[in-house]
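Structure first, then comments.
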């Protein structure tokens, strides 16, 4: 692992926007689903997934969901239940009430907070199907109070069965019972516009390949979408009191995700840096996914030497990493300085996988520096707010002068007159019967 | 105003995405600003705004800000101060604290809530320069605690002076003192990437023309952006107890914004519908902006007859209007049924312009049906959250089995080992010195 002395390190990764051909293909798929519904959905499922289905086979049956429990180990069910309970408990604390503010002039102002009505969760097929991500997408929506949560996931190639049983168990434990075996851009379009079988949703979330990402961008505005996640990242700021074996293991746990994942160690100690670099080499050699993790460490990994912990925090704030481990002697001395990090892990026992699977906070976290302005997925992503304004006669008469002044300065006479007509009617006793 | 009996009315408006030529032009401007900074910014300002500036003239001076107060009426200053105070008070109620959850096993989970560091507000030039919108964009950011709020607005064509003094006064009253006289796509690019004179921001908000909108979309990801507002909308649900003159005035106050604005009345009473239609004609004839309002009413206005108030609410929920006035005898009987509306106005004195200017809730509200899944601008738009995870040794040892189980089922052995290495070291007493 390379050790750099420069504090000017900058993480540069290409963001994938898709080729013009991919964009065109996705637009065409979306249009056909919008126009033809199920017929197009079944056609694309045969074409891209090699699976021939009838419309009444799209939905995963309750029997299949039940059968999935027999196809997974009881230890898995127990662990997914433990994770779901912690995730639910953490997200419960994010719930907010509608509120109102009553004024002595009789006016009432407020904010009404409501769950979205129907949310679609995309779950990729194959090796990228992570049961933990099912929990992380579904539970916040469920805690928000979303009454209808629906899942889509590609059918196993060449068969009508074969939705991954671990995914089905995670879905059931999270509380999703409406699942369709469709994937790709066609599944996103079906969620956005609806088909005869699949009712349209208000928001689509969950990761997917480039076609899924492009389709989500294409339907944005018709429905809400979550943000597109980039490759995973970890930054560890550690001093010589930390355990190099722990640091190396945590760096590798992110590196094994993806050749483009990034693992960065920032430390004021060259000796510690060298011990960590050696540990990374040693542990990497024994890792099943060493090809992936090795490429990630080589291309996007680095150990950065800094003059002080404070200078290290400065680098962290510039990187705005998805995951940040603060492994220094007194982490609370520095926590207040951390401005930009998606999730912050303190101390030697808060290994990043604790957050990936079990602690409770969401593992869908801003990547690629966007923690500067965005946040981990939470309950807020599944609610909407409406402003509420009730003005009494007294309140309106008190405010009328200012409203008309501002409206007329903006050249909006119609706005002023909507107020004036009331003032005239009410003060001249000419008010019609009013409700 | 046309009266339709169908409950199947659907509001269809084209969304403006810009021509390929406009998209290309904006991409080129953004690239040149990114590469050349001030030099390109000054060049585009001369080219598009006809204003030749030096870099040290970009920023509006404190003297200009002060002078602006002499160029506006004292009544305007008083009204803008009243509005600012109400907007600030309402948004103050949206502030949230960071929180934590301490468990008996010594673990600590939490969510850290922090303001964005630097926010840029775009204010259009010419007639679309609304002082009220300055307050509505700036104050939520300020209440969120954003320490640096910067404004950009195009220079008056052909001169170096000439930022609208009403805009400057609104900015000063809202608390913005860093203002640059640049506009268009070049201003958005300067805010996103920074130039020698303008430091880059974390989020850009505020309305603008198609070039501004395309530039915001182009830089999204480098910075956050607000959502692109569509034409204004009002839907009024009224029964025969309402005052037709009030209803007509409120419909026209939205119609006067834009030929594409939409004003819809929903009512169970045909007689009331006819009285309102007549009132709209009468008031429209006297409106200064009658050409705009008339086109809006003709093309996007309608009165919809429904069988009941409840059926009317059903239409409202399908429309998900930006502004919704509920003018029926007992509005609280129906409020709970309203699922989708950006801002809800109750009763005869809560005319929509009350919300545009003075009440306090934000007037930047989702349009075009997006109130189904999005919300008025508020303090939440200017904060970011970080998850916080501190696990004690006891908490880690208790959770280790479940974490390793889930990681291994997902094929992520490196994740499991980051936990395992700690469990082994801690239970075999081989822990290195730890911080």
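The values are calculated or read from the model by the stated rules, or taken from the named source; none is laboratory data. Bear in mind that the values here come from a model prediction, so they are computed numbers and not experimental data. Note that each Cβ is placed from the backbone with ideal geometry, even for glycine, and that neighbours are counted across all protein chains shown.
Residues in the stretch A:246-253: is at least one within 12 Å of chain B (Cβ to nearest Cβ) and free of Cβ contacts under 8 Å to residues at least 40 places away in the same chain?
Step one: of the stretch A:246-253, the residues within 12 Å of chain B (Cβ to nearest Cβ) are A:246-253.
Then keep just the ones that are free of Cβ contacts under 8 Å to residues at least 40 places away in the same chain; that gives A:248.
Yes.
For the condition assigned to a helix (DSSP H, G or I) and more than 21 Å from residue B:77 (Cβ to Cβ), what is the one hit in B:141, B:172?
Numbers: B:172 fails: more than 21 Å from residue B:77 (Cβ to Cβ).
Only one candidate qualifies: B:141.
Could you tell me how many of the residues in the stretch B:57-79 are under 30 Å from residue B:215 (Cα atoms) and free of Cβ contacts under 8 Å to residues at least 60 places away in the same chain?
Of all residues in the stretch B:57-79, those under 30 Å from residue B:215 (Cα atoms) come to B:57-62, B:64-65, B:68.
Imposing the further condition that a residue be free of Cβ contacts under 8 Å to residues at least 60 places away in the same chain reduces the set to B:61.
Qualifying residue count for the region: 1.
Within the stretch A:108-144, work out how many residues are at pLDDT below 95 and in contact with a strand residue (DSSP E or B) (Cβ under 8 Å, 6 or more places away or on another chain).
Result for the stretch A:108-144: 1.
Residue A:92 is checked against (1) closer than 30 Å to residue A:384 by Cβ; (2) surrounded by 15 or more Cβ atoms within 10 Å (Cβ to Cβ); (3) within 26 Å of the chain's Cα centre (by Cα) and fails just one. What number does that condition carry?
Unmet for residue A:92, out of (1) closer than 30 Å to residue A:384 by Cβ; (2) surrounded by 15 or more Cβ atoms within 10 Å (Cβ to Cβ); (3) within 26 Å of the chain's Cα centre (by Cα): (2).
Against the condition within 40 Å of the chain's Cα centre (by Cα), closer than 30 Å to residue A:353 by Cβ and surrounded by 20 or more Cβ atoms within 10 Å (Cβ to Cβ), how does residue B:387 come out, does it pass?
So residue B:387 fits the description; yes.
Taking the stretch B:381-413 as the region of interest, how many residues are part of a helix (DSSP H, G or I), under 18 Å from residue A:136 (Cα atoms) and facing chain A (nearest Cβ under 8 Å)?
Here the count works out to 7.
Please give the number of the condition residue B:277 fails out of (1) within 14 Å of chain A (Cβ to nearest Cβ); (2) in contact with a strand residue (DSSP E or B) (Cβ under 7 Å, 6 or more places away or on another chain); (3) within 30 Å of residue B:304 (Cβ to Cβ).
Here residue B:277 clears every test but (1).
Residue by residue, here is whether (1) away from every other protein chain (no Cβ under 14 Å); (2) within 19 Å of the chain's Cα centre (by Cα) holds:
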position: A:141; (1), (2): no, yes
position: A:169; (1), (2): no, no
position: A:182; (1), (2): yes, no
position: A:197; (1), (2): yes, no
position: A:202; (1), (2): no, yes
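Residues being part of a loop (DSSP other than H, G, I, E, B), out of contact with any helix residue (DSSP H, G or I) (no Cβ under 6 Å at 6 or more places or on another chain) and buried (at least 24 other Cβ atoms within 10 Å of the Cβ): count how many of those fall in the stretch A:236-268. Please lay out each step first, then the result.
As a first pass, look at the stretch A:236-268 and keep what is part of a loop (DSSP other than H, G, I, E, B): A:239-243, A:256-261, A:268.
From what's left, out of contact with any helix residue (DSSP H, G or I) (no Cβ under 6 Å at 6 or more places or on another chain): A:239, A:241-243, A:257-258, A:260, A:268.
Then drop every residue that is not buried (at least 24 other Cβ atoms within 10 Å of the Cβ), which leaves A:242.
So the answer is 1.
For the stretch A:262-279, name all the residues that are more than 18 Å from residue A:292 (Cα to Cα) and either free of Cβ contacts under 8 Å to residues at least 40 places away in the same chain or over 32 Å from the mean Cα position of the chain (by Cα) (or both). Steps first, answer last, please.
Just the residues of the stretch A:262-279 that are more than 18 Å from residue A:292 (Cα to Cα), to begin with: A:265-276, A:278.
Selection gives A:268, A:269, A:270, A:271, A:272, A:273, A:274, A:275, A:278.
Just to be sure, is residue B:320 under 30 Å from residue B:231 (Cβ atoms), at the interface with chain A (Cβ under 7 Å from one of its Cβ atoms) and either under 23 Å from the mean Cα position of the chain (by Cα) or without any contact (Cβ under 8 Å) to a residue 60 or more places away in the chain (or both)?
So residue B:320 does not fit the description; no.
Filter the stretch B:146-166 down to residues that are surrounded by fewer than 24 Cβ atoms within 10 Å (Cβ to Cβ), modelled with pLDDT of 90 or more and out of contact with any strand residue (DSSP E or B) (no Cβ under 6 Å at 6 or more places or on another chain), then give me how many there are.
Within the stretch B:146-166, residues that are surrounded by fewer than 24 Cβ atoms within 10 Å (Cβ to Cβ), modelled with pLDDT of 90 or more and out of contact with any strand residue (DSSP E or B) (no Cβ under 6 Å at 6 or more places or on another chain) number 3.
With respect to the numbered conditions (1) in a loop (DSSP other than H, G, I, E, B); (2) assigned by TED's automatic domain parsing to the domain that holds residue A:164; (3) modelled with pLDDT of 95 or more, which one is the sole condition not fulfilled by residue A:185?
Tallying (1) in a loop (DSSP other than H, G, I, E, B); (2) assigned by TED's automatic domain parsing to the domain that holds residue A:164; (3) modelled with pLDDT of 95 or more, residue A:185 fails exactly one: (1).
Given the condition in a loop (DSSP other than H, G, I, E, B), modelled with pLDDT under 95 and under 27 Å from the mean Cα position of the chain (by Cα), answer yes or no: does some residue in the stretch A:18-39 qualify?
Step one: of the stretch A:18-39, the residues in a loop (DSSP other than H, G, I, E, B) are A:18-19, A:37.
Now narrow it down to the ones that are modelled with pLDDT under 95: A:18-19.
Subsequent filtering for residues that are under 27 Å from the mean Cα position of the chain (by Cα) retains A:18-19.
Checked against the condition, which is being in a loop (DSSP other than H, G, I, E, B), modelled with pLDDT under 95 and under 27 Å from the mean Cα position of the chain (by Cα), the stretch A:18-39 yields at least one hit.
Could you list, in sequence order, the residues of the stretch A:334-380 that are in contact with a helix residue (DSSP H, G or I) (Cβ under 8 Å, 6 or more places away or on another chain), more than 7 Å from chain B (Cβ to nearest Cβ) and over 28 Å from residue B:409 (Cα atoms)?
A:334, A:337, A:338, A:340, A:369
Of the conditions (1) surrounded by 20 or more Cβ atoms within 10 Å (Cβ to Cβ); (2) over 19 Å from residue A:375 (Cβ atoms); (3) under 25 Å from the mean Cα position of the chain (by Cα), residue A:348 fails just one. Which one is it?
(3)
Please list, ordered by residue number, the strands (runs of 3 or more DSSP E) wholly in the stretch A:63-133 having 3 or more residues that are more than 9 Å from chain B (Cβ to nearest Cβ).
Numbers: elements: A:99-102, A:108-115, A:118-122.
In the stretch A:63-133, A:118-122 are the strands (runs of 3 or more DSSP E) which contain 3 or more residues that are more than 9 Å from chain B (Cβ to nearest Cβ).
Out of B:315, B:303, report the one residue that is touching a residue at least 40 places away in the same chain (Cβ under 8 Å), touching a strand residue (DSSP E or B) at 6+ places or on another chain (Cβ under 7 Å) and part of a strand (DSSP E or B).
On the way: B:315 fails: part of a strand (DSSP E or B).
Sole residue among the options that is touching a residue at least 40 places away in the same chain (Cβ under 8 Å), touching a strand residue (DSSP E or B) at 6+ places or on another chain (Cβ under 7 Å) and part of a strand (DSSP E or B): B:303.
Are any of the residues in the stretch A:355-376 within 30 Å of residue B:331 (Cα to Cα) and modelled with pLDDT of 95 or more? Working first, answer last.
As a first pass, look at the stretch A:355-376 and keep what is within 30 Å of residue B:331 (Cα to Cα): none.
So far as the stretch A:355-376 goes, no, none of its residues is within 30 Å of residue B:331 (Cα to Cα) and modelled with pLDDT of 95 or more.
Only one residue in A:154, A:147 is within 28 Å of residue A:32 (Cα to Cα) and touching a residue at least 24 places away in the same chain (Cβ under 8 Å). Which one?
Numbers: A:147 fails: within 28 Å of residue A:32 (Cα to Cα).
One residue alone meets the criteria, A:154.
So which residues in the stretch A:217-237 are more than 30 Å from residue B:375 (Cα to Cα) and at the interface with chain B (Cβ under 8 Å from one of its Cβ atoms)? Give the steps one after another, and end with the answer.
So in the stretch A:217-237, the residues more than 30 Å from residue B:375 (Cα to Cα) come out as A:233-237.
Within the stretch A:217-237, no residue meets the criteria.
Can you give me the number of residues within the stretch A:324-333 that are at the interface with chain B (Cβ under 8 Å from one of its Cβ atoms) and over 14 Å from residue A:241 (Cα atoms)? First the steps, then the outcome.
So the first thing to find is which residues in the stretch A:324-333 are at the interface with chain B (Cβ under 8 Å from one of its Cβ atoms), and the list is A:327-331.
Those still in the list that are over 14 Å from residue A:241 (Cα atoms) too: none.
Counting residues in the stretch A:324-333 that are at the interface with chain B (Cβ under 8 Å from one of its Cβ atoms) and over 14 Å from residue A:241 (Cα atoms) gives 0.
Out of everything in the stretch A:414-432 that is more than 7 Å from chain B (Cβ to nearest Cβ) and part of a helix (DSSP H, G or I), what residue ends up being farthest from the chain's Cα centre (by Cα)? Show your work before the answer.
Applying the first criterion (more than 7 Å from chain B (Cβ to nearest Cβ)) to the stretch A:414-432 yields A:416, A:420, A:423-431.
Now drop any that are not part of a helix (DSSP H, G or I), which leaves A:416, A:420, A:423-427.
Numbers: A:416: 43, A:420: 47, A:423: 49, A:424: 52, A:425: 52, A:426: 51, A:427: 54 Å.
For the stretch A:414-432, the residue satisfying everything is A:427.
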